[in-house]
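The next block holds one structure in the form of structure tokens; read it before the comments.
The values are calculated or read from the model by the stated rules, or taken from the named source; none is laboratory data. Just so you know, these numbers come straight off a predicted model, no measurement behind them. Cβ: placed from backbone, ideal geometry, glycine included. Neighbour counts: every protein chain shown.
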Amino acid sequence: MGKIAKTHKFIITCLTTLIFISAGSAFGQDTIIFSRKDIFHPVIANNGMVSSQESYASQAGLAVLKEGGNAVDAAVTIGFTLAVTLPRAGNLGGGGFMLLHLAKDNQTIAIDYREKAPLAATRDMFLDNNGEVDPEKSRYSYLSVGVPGTVAGLTMALEKYGTISLERALQPAIELAEKGFPVSEDLLISLRYSKQRMQASEASMAIFYKPGGVPYQVGEILVQKDLARSLKLIAKYGAKAFYDGAIASAIVADMEANGGLITKEDLATYKPVIREPIQGTYRGYEIYSMPPPSSGGIHLVQMLNTLEAFPIRKLGHNTAQTIHLMTESMKLAYADRSKFLGDPDFVPVPVAELTSKTYAERIRQRINAYRATPSSEIAPGNPTQPVESNDTTHYSVMDKYGNAVANTYTLNFSYGSKITVPGTGILLNNEMDDFSAKPGVPNAFGLTGAEFNAIAPEKRMLSSMTPTIVLKAGNPYLVTGSPGGSRIITTVLQLIMNVIDHQLNIATATNAIRV
């Protein structure tokens, strides 16, 4: 059996590209990492590791670690680079969540940089004259755009917890935007799929397609001069350039010209929020994940609490019985999501109750071990008493100092609203569709919300993003997250169970079939 014996052994995953530093210094206690009999073998490193969905971004983060930067430095560098090289999900015009474990202080912190509804937003803004949801408005119009949080979130993380300059963090992104990079097959396919909707934005077409709407071919160089200029402004002036400078002025002018709601005041008053992460335990491991307005952490811990009492390992990996118990716990958790989750600055989310072991026991009593419960019979409880989507991206980082970062961010749909602000190269999100435009009516991902997630000015829309850090004996053990829309939470759940219950190596755990 292959073993590593040193001071901090960790596993890191985001279901994507893996880059590592190999060196001879010291990590963790004897731990079995994989067997030669395994089909999938993980990458192993001692001094740090980066895992992202795109290789240029991974290499950019890796270079920062090699220079002595910490995990936050690398994470911020990756975030800005992905805005260039993975434009369907990496972004400046969207938002997300970052979870950080700081080894020196033995502290885990959540940064919420989710988008917000503009001040002029109204509860029924997406309803037509018949009181029905108009998906064109909520998904593809200027009204669909929430106030972006990415630039504020990444720059805050670097300022508070990083060690390198903002100029250094933005350097790879600026170079790749200015000089260009070869179009990959993945990028080509995503642009072909999005072309019909993208045609509504002249600025988007001018960037991502050749004259006449001709698609780029694999290996051709995609240059983004406008985006390079925006990145240079951020490097020079910080987040102020985006929220109270030239970029802000361009966004507001575009909104005013096209019936959008975002104003200079919306941008100038946007602030990311540092929150207490959701915390739980599973079979002796500490679980840290994202709090509301993400539903991910609450329901991840809720499902783990529910499943902890079952002999999952004995039942076997992906056996009918194990899958049955997982899916029953998922259905009950998502029923609770539809009723109890929303922006905690606006509604009283029962966090402690939903994540308690006592409530999990009551959930278990509702599970028939031998019969699936029809979805029509699933109702929210009373806590006070398949293939991933490309529409979001996650990356994970760990450094030689023991710090860890899990970051998930998005434009919502692939390429968001498909709208690029002229002269900036910045694609805008369509996150307003993540609100309950009409409580009880599903959004684009099939998720039904209640009044807790109704639209209100300055409110953050509910999310499923689930950046997660698992600690073993107080040290980072598993750093994970996923794209996947409504399936993000269940993807992270199954990956954790694959590692802890079924003792699969991280590569096998990641590649395993999921429900």
Of the residues that sit in region 246-277 and are of a type in the set (D, E, K, R) and part of a helix (DSSP H, G or I), which one is nearest to VAL147 (Cα to Cα)? ASP266
Matching residues in region 173-194 (buried (at least 16 other Cβ atoms within 10 Å of the Cβ), over 12 Å from ILE221 (Cα atoms) and touching a strand residue (DSSP E or B) at 6+ places or on another chain (Cβ under 8 Å)) number 1
Please work out which one of (1) crowded, with 24+ Cβ neighbours inside 10 Å; (2) in a loop (DSSP other than H, G, I, E, B) is the condition ILE367 fails and give its number. (1)
Within region 112-126, residues outside any loop (DSSP other than H, G, I, E, B) and touching a Lys or Arg at 6+ places or on another chain (Cβ under 8 Å) come out as ASP112, LYS116
Quick check on region 127-137. Is at least one of its residues aliphatic (A, V, I, L, M), more than 21 Å from THR263 (Cβ to Cβ) and either in a helix (DSSP H, G or I) or modelled with pLDDT of 95 or more (or both)? no
Of all residues in region 138-151 being of a type outside the set (Ser, Thr, Tyr) and outside any helix (DSSP H, G or I), the one that is farthest from GLY96 (Cα to Cα): VAL145
Keeping to region 494-515, report how many residues are of a type outside the set (Gly, Ala, Ser), under 17 Å from HIS41 (Cα atoms), out of contact with any strand residue (DSSP E or B) (no Cβ under 6 Å at 6 or more places or on another chain) and at pLDDT below 85. 4
I'd like to check something: does region 444-459 contain any residue that is at pLDDT 80 or above and crowded, with 24+ Cβ neighbours inside 10 Å? yes
Conditions first: (1) buried (at least 17 other Cβ atoms within 10 Å of the Cβ); (2) over 14 Å from LEU495 (Cα atoms). MET326 passes all but one, so which condition is the exception? (2)
Just checking, does region 464-479 include any residue being in contact with a Gly (Cβ under 6 Å, 6 or more places away or on another chain), among the hydrophobic types (A, V, I, L, M, F, W, C) and either closer than 19 Å to GLY297 by Cβ or not in a loop (DSSP other than H, G, I, E, B) (or both)? yes
State yes or no: is ALA360 among the hydrophobic types (A, V, I, L, M, F, W, C), farther than 20 Å from PRO293 by Cβ and modelled with pLDDT under 85? no
Any chance region 156-172 includes a residue that's assigned to a loop (DSSP other than H, G, I, E, B), among the small types (Gly, Ala, Ser) and either surrounded by 24 or more Cβ atoms within 10 Å (Cβ to Cβ) or at pLDDT 95 or above (or both)? yes
Condition test on GLN302, is it in a helix (DSSP H, G or I), touching a Leu at 6+ places or on another chain (Cβ under 7 Å) and surrounded by fewer than 20 Cβ atoms within 10 Å (Cβ to Cβ)? no
If the requirement is being crowded, with 24+ Cβ neighbours inside 10 Å and assigned to a loop (DSSP other than H, G, I, E, B), which of these qualifies: GLY93, GLY79, GLY68? GLY93
How about region 208-226: which of its residues are in a helix (DSSP H, G or I) and under 13 Å from VAL183 (Cα atoms)? PHE208
For region 289-300, check the following and say yes or no: at least one residue is farther than 20 Å from GLN503 by Cα, hydroxyl-bearing (Ser, Thr, Tyr), at pLDDT 90 or above and out of contact with any Asp or Glu (no Cβ under 7 Å at 6 or more places or on another chain). yes
Take the conditions modelled with pLDDT of 95 or more and either under 25 Å from GLN53 (Cα atoms) or small (Gly, Ala, Ser) (or both) and apply them to GLY484. Does it pass? no
Would you check which residues across region 220-245 are surrounded by fewer than 21 Cβ atoms within 10 Å (Cβ to Cβ) and not hydrophobic (A, V, I, L, M, F, W, C) and list them? GLU220, LYS225, ASP226, ARG229, LYS232, LYS236, TYR237, GLY238, LYS240, ASP244, GLY245
